[in-house]
1. Could you look through the range A:25-45, keep only residues that are assigned to a helix (DSSP H, G or I), in contact with a helix residue (DSSP H, G or I) (Cβ under 8 Å, 6 or more places away or on another chain) and basic (K, R), and pick out the one that is farthest from A:P134 (Cα to Cα)?
2. Considering B:A209, B:A189, which residue is modelled with pLDDT of 95 or more and buried (at least 23 other Cβ atoms within 10 Å of the Cβ)?
3. Would you check if A:R254 is over 16 Å from the mean Cα position of the chain (by Cα), among the basic types (K, R) and more than 21 Å from A:L119 (Cβ to Cβ)?
4. Checking the conditions here, which among A:I222, A:I242 is away from chain B (no Cβ under 14 Å) and of a type outside the set (D, E)?
5. If you scan the range A:151-185, which residues turn out to be under 16 Å from A:K226 (Cβ atoms) and buried (at least 18 other Cβ atoms within 10 Å of the Cβ)?
6. Looking at the range A:11-33 only, could you name the residues that are under 21 Å from A:L337 (Cβ atoms), under 19 Å from the mean Cα position of the chain (by Cα) and surrounded by fewer than 21 Cβ atoms within 10 Å (Cβ to Cβ)?
7. Within the range A:106-120, count every residue that is touching a residue at least 60 places away in the same chain (Cβ under 8 Å) and either among the hydrophobic types (A, V, I, L, M, F, W, C) or surrounded by 16 or more Cβ atoms within 10 Å (Cβ to Cβ) (or both).
8. Consider A:A102 against the criteria (1) of a type outside the set (D, E, K, R); (2) without any contact (Cβ under 8 Å) to a residue 12 or more places away in the chain; (3) in contact with a Phe, Trp or Tyr (Cβ under 7 Å, 6 or more places away or on another chain): it satisfies all of them except one. Which criterion is unmet?
2 protein chains.
Amino acid sequence: MQAPLKPLLKALKGESGNAVPIWLMRQAGRYLPEYRELRSRAGGFLELCFDPALAAEATLQPLRRFGLDAAIIFSDILVIPHALGRKVGFASGEGPFVEPLADEASVERLRRDRLHEELAPIYEVIDRVAGLLPHGTSLIGFAGAPWTVASYMVEGGTARDFAVIKGWAYRNPEAFERLLAVLVEATAAYLVRQVEHGAEVLQIFESWAGALAEREFQQWSIEPVKGIVARVRKSCPDVPIIGFPRGAGYGCLRFAGETAVNGIGLDPSIPLAWAAHEMQHRCTLQGNLDPVLLLVGGEPMKREAVRILSVWGKGPFIFNLGHGVLPTTPPEHVAALVEIVRNWQCDPADAAQSQT
Amino acid sequence: MQAPLKPLLKALKGESGNAVPIWLMRQAGRYLPEYRELRSRAGGFLELCFDPALAAEATLQPLRRFGLDAAIIFSDILVIPHALGRKVGFASGEGPFVEPLADEASVERLRRDRLHEELAPIYEVIDRVAGLLPHGTSLIGFAGAPWTVASYMVEGGTARDFAVIKGWAYRNPEAFERLLAVLVEATAAYLVRQVEHGAEVLQIFESWAGALAEREFQQWSIEPVKGIVARVRKSCPDVPIIGFPRGAGYGCLRFAGETAVNGIGLDPSIPLAWAAHEMQHRCTLQGNLDPVLLLVGGEPMKREAVRILSVWGKGPFIFNLGHGVLPTTPPEHVAALVEIVRNWQCDPADAAQSQT
């Protein structure tokens, strides 16, 4: 007899009418005192990601406090450039640094033969966490989408106006397409390996979708992600994939349709009724509480959370933020949010009333 | 006998089938060597804005090089916080600094009685420029929208995650609404005065529309801008107003409809066919070439410019970028872009062919 499906997996299979699962982007991290303590024991941020014991502990910390439906591997999207041989650093207070690709020729010199060797510590984190998950909790693996990761690799860090990478892309489209292709291949291989080690769901972060014009979005975001999804599906046809094209606006509709992801992460700007009407019949929605409201807490948070639940809650739906937890968020607000989502599941009629 | 209407004004009256007018956001600025020379003569950036002779010269510089259809007053949206008594600074290399409002009570202490006195140098810039405009060129005045300006005043500069201002807005909605109301009043008075001095068109920049969730956008962006438009129309019913809700996605449709602006600035993410279909029959479109393509120049720029012209060019339409000119843009690319727009006007059939 098979064990009953976990809540997150049920939602991603498109089942509706169930309890609404909840997890939060950046649920492990600086807003938790126990994380800050852990962080102080590691050298740098990347050292923490690559230390299997510490990264597994960071992954599990939020689960001990809150009744969340998923753990997401404590890691970063920039482990891929690192594994491809680029220097990656995280200076505190500043954004990340990635040794920028000096020219188009440097794409060919990316080190592609040591990928899994470099990423082995992350696979070990998954091994460790998979054995320690609370009952009913799913394990999420993830990676950055090629456009987003490429922007760090070409700009050398967080892009300001994307002039360097777009300049590349327009002046030398072949080299740029080549870079995207290398990233598609490496990312798909990385995600498949995460599944082999115990990831039950995968999320692909397209954090900089909002920087792309209509045709660029199609060519540089949708097409590469479609390629990754197709490759992963070949090896792991049953593992659900969530895409998160942050800032894509209504472009998320096309993104969801063309990449054929099972779930679509929606940022706080996405209108609820529109997404319910246009997307929820064919794709599981995930999102989209403004992280600032989690920071604020209290009635404003509750009002908006209940509004989201009342429009999307009949499912298929996964409650989440529209972006990551902010570092100054009080942990008790997270506990209160989980409580709101659980209460709504018990008696949606009551919760809907508190909207007014 | 009246003089024939200038091309920009024609387009903003909703006339289509005319030559497409062109101007560029930040057409005056650092990418021009003659501007850099001027800038080196002024103390700080704000000193330049408040020096009528220098600011008038900066306004006129791009018109001497390129056959543009409009001049936009060389100024900044942060002159309003300055006029309300807040310290404003622009350190080179960093974003702007605005002495942050310490608490909600400080809204009441904003100095509202010296507005026009503080802004007098800008009115003088308009006086000077109005007399020196090339034939057929329109003069655009502008201001920031209240949400965008408030974000600088509360966050103390360019916001990162808007946690401070949204925290305010949710914890003390009355004080925040009061701040928006003060800004609506000051901004409307400022814009009306710009018209009295010679501005023929007004643009309202909502640069941070993209940070707002659905209901926030309605309440903090659309409503205040609607208030400004209504006030300005009372004094100057015939002066066309362009709204630019950058990053609003499809929200620009509601923004245009509810604020009743005459023209809507569209950022590069807005799909062309959608905007043509949904908005162009009732609002003049303006935009939306990616500034990076102006920086790149050559065929990639031409291809996209012609694509925009082929979808929106029948009008009513004003060619522009989807955001400001980047400082590293070669001036000759601007000349080439103007040439493309002019040529398209001469023979749209030819230009449309070069799309393929």
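1. Step by step, filter the range A:25-45, then rank; the result is A:R41.
2. B:A209
3. Against the criterion (over 16 Å from the mean Cα position of the chain (by Cα), among the basic types (K, R) and more than 21 Å from A:L119 (Cβ to Cβ)), A:R254 qualifies.
4. Step by step, each of A:I222, A:I242 is checked, and only A:I242 is away from chain B (no Cβ under 14 Å) and of a type outside the set (D, E).
5. Of everything in the range A:151-185, those that are under 16 Å from A:K226 (Cβ atoms) and buried (at least 18 other Cβ atoms within 10 Å of the Cβ) turn out to be A:L180, A:L183, A:V184.
6. Within the range A:11-33, A:R26, A:G29, A:R30 qualify.
7. Qualifying residue count for the region: 4.
8. (3)
The values are calculated or read from the model by the stated rules, or taken from the named source; none is laboratory data. All of these numbers come straight from a predicted model, not from anything done at the bench. Methodologically, a virtual Cβ is constructed for each residue, glycine included, from the backbone with ideal geometry; neighbour enumeration extends over all protein chains shown.
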